[in-house]
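Take a look at the structure set out below.
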Amino acid sequence: MEENRSKRSIRWVEAKHQLAMVCRNPILLTTILVVPALLIMFVIHPIGQVIRVSLTPGGEFSLDTYTYLLSQWWLRQTFRNSILLGVIVATLGTIVGFTFAFALNRGDIPWKRFFRLMAQLPIISPPFMFCLSVILLLGRNGIITKQLLGLRNFDIYGLKGLVLVQTMGMFPVAFMVLDGVLQAINPDLEEGALNLGASKGKVFWTVTVPLCVPGIASSWLLVFVTSLADFANPVVISGKFDVLSVQAYFQFTGLYNMPRGSAVAILLLIPAMLAFVIERYWVSRKSYVTVTGKPTTYRIIGPSKATRRVLTAVCAVISGVILLFYITVIAGAFVKLWGVDWSLTLDHFRYAWDVGKDSVRSTLVLSAWATPITGLLGMVIAFLLVRTHFPGKNVLGFTSMLAFAVPGTVVGIGYILAFNQPPLLLTGTAAIIVLCFIFREMPVAIEAGVASLIQIDPSIEEASTNLGADTSYTFRRITMPLVRPAFIAGLSYSFVRSMTAVSAVIFLVSARWNHLTSLIYAQTEIMRLGAASVLSLFLIIIVLVIFGLMRAFLGEPVTRVRVGS
C-alpha cells in the first residue's frame, strides 16, 4: 500500500513538472489544447452520437433496439458472415503478403521492382474496380465463365466473390508491414543457423518465421479490421451473403431507421475495435526484430532453386491477376455491351463525362483541401507524441489513432448525426467531407511521423531551443525538413484515400458536392458497367498523374512500416 502511494506521488510530481514546462511555452500550450479539442469534436463526438442514437430510439434510454437485433436470426447470421469473411480474407491476405515480402527480401527472385509495384498497385485502385473486373470476367456474362468456359449457372456473387476481391485488394496491407519486418531482420541470424548445420527449410521455420511472428499477427489483425470495415466490395458483389457494413447502410439510408442503423454500426464497431486494441497494445509490443542496425556488409542466403521457382510462380500469378483486373476495366470502357455486343465504342466516355465532370471537379477540390491539412496535422500530433511531455499524452495518442479502427460506415453515420444541426450545421457542405477525410486518414500520417521522429536525435532540436528559438520555429525550420519523407508519405496516402474513399463519404455527399466513388457505385447499381469502368479509369489516371506531380515537386517518400503500425 505504501509503495503504491509512493508511486502515485511520484507520478503526480512528474505531471506537475510537465504541466509547468508546457505553461512556459504559450505556442506549445495552445497546440496541446487545440489538438485534443479537435479530436474530441471530430473523432469522439461522432462516435458518441452513434452510440447515443442506438441507445435512445424513442428519446429515452432503452436497449430495445439491441434486444430486437440480437433476437433476429438474420442479424446473427450477418454478424457471423462478417467475422467469417474477415477471418478468411485476413488469413489469405497475410499468406499472400508474406509470400511477396519473403520473395522480395529473401527469395532472390527476378523482376523484383515489377513484383513490388504489383504488390502496392491495389492501394491506389478505386474501391469498386476489382468488383467490376470480377463481374466482367466471372459474372453471368463474364468473358471467362460464359465466353471461354460456357458456364451458364456460375454465380460469382457472395462469399467466394468477396474473398477474391478483398484478398487481392487488401494483401498489400500485410505486405507493407511484413516487408518492413523482413528488412529489419539481421541476415546474420539466419546465416549463423546455416553455419551450425541447419537446412534452409529449418532456418525458415525456426528463425525467420518466429522473428516475423509479431509482424504476421499485426498484418492479420490489420487486414481483418480492413475487411470488416469494407463497404465498397460487399455492396456490389455480396449478393445474398449479407455483412454488417452494408446492412447498417441500408438500415440508415434505405429504411430511414436511424436507431437500428446506428445499433448495427456499433455491432460492427465492437470486433473492429477489439482487433485494433489487440494489435496496438499487445502484438506491437512483442517485436522480436533487432533494430540496432544492419552490418555494413552482409550476405542474404537465398532459398533453393525449387523454392525460388515456386516463389516466382506465385508472385507472377498474383501479379497476372492484378494486371488482368486492370486490363479488364480498360477493355470494359471501350466495349459497347459486355458479353452481348463486343463492338468498340466511345459512347461510355461521352456519357461518363456528361454525368461525371462535376463529380471529378468536386473530388479533386475536396482532396486538394484535405491532403495538406491531414499531412500537417499528422506531423504536429507526431511531434507532440514523440518530442513533448504533458499529462494525458497517452490518451491523446490513442484518440488520434482511433479513427483508423472505426469502420467508415460508423464514421459516416456519426458525422451525419453529429453535424446536422446547430451550432455545427455541416450536412450537405464541402466542409463535412473534408473534415471526415482529415480525421479519417490522419492516423497514417501520424504513424509515419512517429516512425521518422524516433530515428532522429532530439539533441538537434534541443540545440535550436538552446539558441533561443521557440517551439514553432524549431518545428518549422528543423523538425519538418528532417521528417520530409514521412510528411510526403502522409500526403500521398491522404490524397489516395481521399480520392478513393467510399464507406464514409457515401453518407455525406450531396447534389452539389458529389464524389467520384459515389457516382461509380450509382452506375454499377444500375448495371451501366461500361460507364462505371470509364469513371474508374478516370480515377486511376487522376491518382497516377497527381502522384507523379507530387514525386516531381516534393520528392519520393522513403518510409518503412513499423510492426504494429
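The values are calculated or read from the model by the stated rules, or taken from the named source; none is laboratory data. Quick caveat: nothing in here was measured; it's all calculated off a predicted structure. Ideal geometry is used to build each Cβ from the backbone, glycine not excepted, and the neighbour counts take in all protein chains shown. Heads up: the accessible areas ignore ligands, DNA and RNA and are worked out on the full protein's heavy atoms, side chains in. Shrake-Rupley method; radii C 1.70, N 1.55, O 1.52, S 1.80 Å.
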Just checking, does segment 446-459 include any residue being closer than 21 Å to Ile373 by Cα, among the hydroxyl-bearing types (Ser, Thr, Tyr) and open to solvent by less than 10 Å² (accessible area, probe 1.4 Å)? no
Name the residue, out of Ser464, Ser459, that is in contact with a helix residue (DSSP H, G or I) (Cβ under 8 Å, 6 or more places away or on another chain), hydroxyl-bearing (Ser, Thr, Tyr) and at pLDDT below 80. Ser464
Restricting attention to segment 393-414, does a residue exist that is in a helix (DSSP H, G or I), farther than 24 Å from Phe495 by Cβ and at pLDDT 90 or above? yes
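Matching residues to (1) modelled with pLDDT under 90; (2) touching a Pro at 6+ places or on another chain (Cβ under 7 Å); (3) of a type in the set (S, T, N, Q); (4) crowded, with 23+ Cβ neighbours inside 10 Å:
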{"position": "Ile520", "(1), (2), (3), (4)": "no, yes, no, yes"}
{"position": "Ala531", "(1), (2), (3), (4)": "no, no, no, yes"}
{"position": "Val543", "(1), (2), (3), (4)": "yes, no, no, no"}
{"position": "Val563", "(1), (2), (3), (4)": "yes, yes, no, yes"}
Residues of segment 99-122 being open to solvent by 20 Å² or more (accessible area, probe 1.4 Å) and under 22 Å from Pro210 (Cα atoms), which ones? Thr99, Phe102, Asn105, Asp108
Name every residue in segment 332-346 that is open to solvent by less than 70 Å² (accessible area, probe 1.4 Å) and not in a strand (DSSP E or B), in order of residue number. Gly332, Ala333, Trp338, Gly339, Thr345
Segment 55-70, residues that are part of a helix (DSSP H, G or I) and open to solvent by 70 Å² or more (accessible area, probe 1.4 Å): Asp64, Thr67, Tyr68, Leu70
In segment 71-98, which residues are open to solvent by 80 Å² or more (accessible area, probe 1.4 Å) and over 23 Å from Gly239 (Cα atoms)? Ile95
Return the pairs, sorted by first residue and then second, in which the second residue is buried (at least 24 other Cβ atoms within 10 Å of the Cβ) and assigned to a helix (DSSP H, G or I), the first residue lies in segment 238-249 and is without any contact (Cβ under 8 Å) to a residue 60 or more places away in the chain, the beta carbons are less than 7 Å apart, and the residues are 6+ apart or on different chains. Val246/Pro234
List the pairs whose first member sits in segment 149-163 and is surrounded by 14 or more Cβ atoms within 10 Å (Cβ to Cβ), whose second member is in a loop (DSSP other than H, G, I, E, B) and not small (Gly, Ala, Ser), and whose Cβ atoms are under 6 Å apart, counting only residues at least 6 apart or on separate chains? Gly158/Phe241; Leu159/Phe241
Report the residue count in segment 347-394 for those that are without any contact (Cβ under 8 Å) to a residue 12 or more places away in the chain, farther than 30 Å from Ile520 by Cβ and open to solvent by 50 Å² or more (accessible area, probe 1.4 Å). 1
Any pair with Cβ under 8 angstrom, 6 or more apart, that starts in segment 197-213 at a residue that is closer than 20 Å to Ala306 by Cβ and ends at one that is polar (S, T, N, Q): Ala198/Thr206; Lys200/Ser304; Lys200/Thr307
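Is it the case that some residue within segment 279-289 is closer than 30 Å to Pro110 by Cβ, modelled with pLDDT under 90 and either part of a loop (DSSP other than H, G, I, E, B) or open to solvent by 20 Å² or more (accessible area, probe 1.4 Å) (or both)?
Yes, the conditions are met somewhere in segment 279-289.
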I'd like to check something: does segment 123-143 contain any residue that is open to solvent by 50 Å² or more (accessible area, probe 1.4 Å), within 13 Å of Cys315 (Cβ to Cβ) and within 22 Å of the chain's Cα centre (by Cα)? no
Does Ser133 satisfy the criteria of being at pLDDT 90 or above, touching a Phe, Trp or Tyr at 6+ places or on another chain (Cβ under 6 Å) and either of a type in the set (D, E, K, R) or in a helix (DSSP H, G or I) (or both)? yes
Failed condition for Asp108, given (1) assigned to a loop (DSSP other than H, G, I, E, B); (2) without any contact (Cβ under 8 Å) to a residue 24 or more places away in the chain; (3) not β-branched (Val, Ile, Thr), with all others met? (2)
Residues (open to solvent by 20 Å² or more (accessible area, probe 1.4 Å) and touching a residue at least 60 places away in the same chain (Cβ under 8 Å)) located in segment 412-423: Ile416
Qualifying position, being at pLDDT below 80, closer than 30 Å to Val335 by Cα and either open to solvent by 50 Å² or more (accessible area, probe 1.4 Å) or not small (Gly, Ala, Ser) (or both), among Phe547, Phe538: Phe547
Counting only residues that are touching a Ser or Thr at 6+ places or on another chain (Cβ under 6 Å) and within 13 Å of Pro126 (Cβ to Cβ), how many does segment 482-499 have? 2
So which residues in segment 39-54 are open to solvent by 60 Å² or more (accessible area, probe 1.4 Å) and among the hydrophobic types (A, V, I, L, M, F, W, C)? Ile40, Met41, Ile44, Ile51
Which listed residue, of Gly490, Gly428, is part of a loop (DSSP other than H, G, I, E, B) and modelled with pLDDT of 75 or more: Gly428
